[in-house]
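Contents: one structure, followed by commentary.
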Amino acid sequence: MLFAFESHGVTVDPFSGLRPFVGRRRTAPAAATGLLWVLVLVAFLLNLQLRLAGVVALLRLRRWRLEPVQLLLLGGALAGPAIYLLVGHPGSSNQYFTRAGFAFGVLLSAWGWVELADRAALPARGRVLFGLATAGFAVLLAAVQLGFPAVGRTTPAYAPVLPLLCWAAALTALALLVALCWPALVGRWPGLAAAAP
């Protein structure tokens, strides 16, 4: 009778954590269901992983030749989400694999940003401005996220991932704007030219 004779352990159940966001629409065309799965998977990858952009910078700066400690951190950062996507748990406790892996990724991401900032060779004033801008952007994102919290049950099932995809589109537009303005920024602060991998 304990636990209604059900196992509450982790089982191999690929993509079980993403399945609730896709829903069980049996009448939907296969192409629409496939697109929905892709969008939900992209939203999952962006959810916690968006904050790991410094890892990409580190990989590019080091030309994919990482030190053993960095390889360990990268392995942990990749293993967490991979295990989450591979296994399932009735209470969604498999999400803690992703959260544990995220700690590895944050350390590696910070390492990448520090190396990128060192390579930029900004003067002291530029470093302070860069730090303040980064902190201000993080506070802004946190304030927006707290101002628009996730809601409970919604219809359709994929509704909770839509804000994340909208934010990803907005941040992509911002990144494109920075890329377009990059020559002017380098003209104003020549030290930034060294930061481009």
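For the reader, a short list of remarks on this structure follows.
- Qualifying residue in the range 57-64 (condition: in a helix (DSSP H, G or I), touching a Ser or Thr at 6+ places or on another chain (Cβ under 9 Å) and surrounded by 15 or more Cβ atoms within 10 Å (Cβ to Cβ)): yes
- Selected residue (only one of LEU35, LEU108 is closer than 27 Å to CYS166 by Cα, at pLDDT 90 or above and part of a helix (DSSP H, G or I)): LEU108
- Meets criteria (farther than 23 Å from ALA168 by Cα, assigned to a helix (DSSP H, G or I) and at pLDDT below 85) for ALA117: yes
- Test: residue in the range 78-94 that is part of a helix (DSSP H, G or I), farther than 24 Å from TYR158 by Cα and hydrophobic (A, V, I, L, M, F, W, C): yes
- Top-ranked residue of the range 123-149 - restricted to ones that are surrounded by 11 or more Cβ atoms within 10 Å (Cβ to Cβ) and modelled with pLDDT under 75, ranked as nearest to PHE21 (Cα to Cα): GLN145
- Restricting the range 67-120 to residues that are buried (at least 18 other Cβ atoms within 10 Å of the Cβ) and of a type in the set (S, T, N, Q), the residue that is nearest to LEU45 (Cα to Cα) is THR98.
- Of all residues making up the range 98-125, the number that are of a type in the set (Ser, Thr, Tyr) and touching a Phe, Trp or Tyr at 6+ places or on another chain (Cβ under 9 Å): 1
- Residue within the range 174-193 that is charged (D, E, K, R) and modelled with pLDDT of 75 or more present: yes
The values are calculated or read from the model by the stated rules, or taken from the named source; none is laboratory data. This structure is a prediction, so every number in the text was calculated from the model and none was measured. All Cβ positions, even for glycine, are placed from backbone atoms using ideal geometry, and neighbour counts span all protein chains on display.
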